[in-house]
Amino acid sequence: DSGVTQTPKHLITATGQRVTLRCSPRSGDLSVYWYQQSLDQGLQFLIQYYNGEERAKGNILERFSAQQFPDLHSELNLSSLELGDSALYFCASSVDDSTDTQYFGPGTRLTVL
Amino acid sequence: GDSVTQMEGPVTLSEEAFLTINCTYTATGYPSLFWYVQYPGEGLQLLLKATKADDKGSNKGFEATYRKETTSFHLEKGSVQVSDSAVYFCALYGGATNKLIFGTGTLLAVQP
């Protein structure tokens, strides 16, 4: 158990809908990262937050957004969902924004029908 | 840009066989290197890491050595078990950007 929690574990929704994925980092970690894992794209970095501020952006679509709250939990919002957004979404956390070691949560499996 | 290349799978071995999964990287500067493991239906777990040239990371019988001259970080284990069946990801952090960059993953299947 990495100490990073994600909810829900599974999510099934329809095209055009909007969903919110939630992540709680390990106790004491200030930085949260979101990744997407799909069969065709592999594991891709989406976005990083550190202590409430956006720190880095990767291959994140404009339909996706994220935020980190004062209690350090983070939410990833996915809107206007398409079939191709079906994937595993992982959250990871680290102590700060320059530490190289990240700890991953169990993931949320999103299925868009 | 920075990238990680690892051998295609699946790798199928018998129990107690020797394992090597190749990983090479391209990066500017001096990245840290990692192996993560993903067991079926689970998230990624950090298996081992190395932060500078000639460092050896090791954990649970697995080891990998950071070779700057060959830009490699091959994963090895002397005697695999059925419970080692999983997908193994090589990754780097640092280089041109401070983010984790993953290889495509290698599926290891160990048969009894």
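The values are calculated or read from the model by the stated rules, or taken from the named source; none is laboratory data. Predicted model only: the values in this text are computed from it and were never measured. Positions of Cβ are backbone-derived with ideal geometry, glycine not excepted, and every protein chain shown enters the neighbour counts.
The combined condition, being surrounded by fewer than 23 Cβ atoms within 10 Å (Cβ to Cβ), aromatic (Phe, Trp, Tyr) and within 13 Å of another protein chain (Cβ to nearest Cβ), is not fulfilled by A:Tyr33.
Taking the range B:35-48, which residues are modelled with pLDDT of 95 or more and either among the charged types (D, E, K, R) or out of contact with any Ser or Thr (no Cβ under 8 Å at 6 or more places or on another chain) (or both)? Scanning the range B:35-48 gives B:Trp35, B:Tyr36, B:Val37, B:Leu47.
Candidates are the residues of the range B:1-26 that are part of a loop (DSSP other than H, G, I, E, B) and aliphatic (A, V, I, L, M); the one that is modelled with the highest pLDDT is B:Ala17. Filtered by the rule that a residue be within 15 Å of the chain's Cα centre (by Cα) and not small (Gly, Ala, Ser), the range B:81-93 gives B:Asp84, B:Val87, B:Tyr88, B:Phe89, B:Cys90, B:Leu92, B:Tyr93.
Residue by residue, here is whether (1) more than 10 Å from chain B (Cβ to nearest Cβ); (2) at pLDDT below 95; (3) within 13 Å of the chain's Cα centre (by Cα) holds:
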residue: A:Phe64; (1), (2), (3): yes, no, yes
residue: A:Gln68; (1), (2), (3): yes, no, yes
residue: A:Glu82; (1), (2), (3): yes, no, no
residue: A:Val95; (1), (2), (3): yes, yes, no
residue: A:Asp100; (1), (2), (3): no, yes, no
residue: A:Leu110; (1), (2), (3): yes, no, yes
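In the range A:37-46 there is no residue matching the filter, namely being within 23 Å of A:Asp71 (Cβ to Cβ), out of contact with any Gly (no Cβ under 6 Å at 6 or more places or on another chain) and surrounded by 17 or more Cβ atoms within 10 Å (Cβ to Cβ). Please determine whether any residue of the range B:37-58 is within 12 Å of another protein chain (Cβ to nearest Cβ), small (Gly, Ala, Ser) and outside any strand (DSSP E or B). Yes, there is a match, as at least one residue in the range B:37-58 is within 12 Å of another protein chain (Cβ to nearest Cβ), small (Gly, Ala, Ser) and outside any strand (DSSP E or B).
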